[in-house]
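Every number in this text was worked out from the coordinates using simple rules, so none of it is lab data. Since the structure is predicted, the reported quantities are computational estimates derived from the model, not experimental observations. Cβ placement follows ideal geometry from the backbone for every residue including glycine, while neighbour counts extend to all protein chains displayed.
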């Protein structure tokens, strides 16, 4: 079994809600379109996201801002 790398840290829905001001339904739509990182099912009723992927998504949005914004 390989050791976990720090860039594979998982974050739960509550943290996603703090970071991304979108509803869970909107995030599901974005995921289905490939416009947001895919969630990982970690239990029967629990999902999480890879923190590094979410951070990269946020960074892409920041970098996509028009100059002077």
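Every helix of 4 or more DSSP H residues in the chain counts as -39500 (n - 2.57), and over all residues that averages to -12000 deg cm²/dmol at 222 nm. For the chain, the longest principal axis of the Cα atoms and the long axis of helix 51-63 meet at an angle of about 0 degrees. Computed packing ranks the peptides 47-53, 17-23, 59-65, 36-42 as 47-53, 36-42, 17-23, 59-65, most packed first, by mean other Cβ atoms within 10 Å.
Calculated over the chain, the projected area of the Cα convex hull averaged across directions stands at 6.2 nm². Dividing the mean sequence gap of close Cα pairs (under 8 Å, 6+ apart) by how many residues segment 1-61 holds gives a relative contact order of 40 percent.
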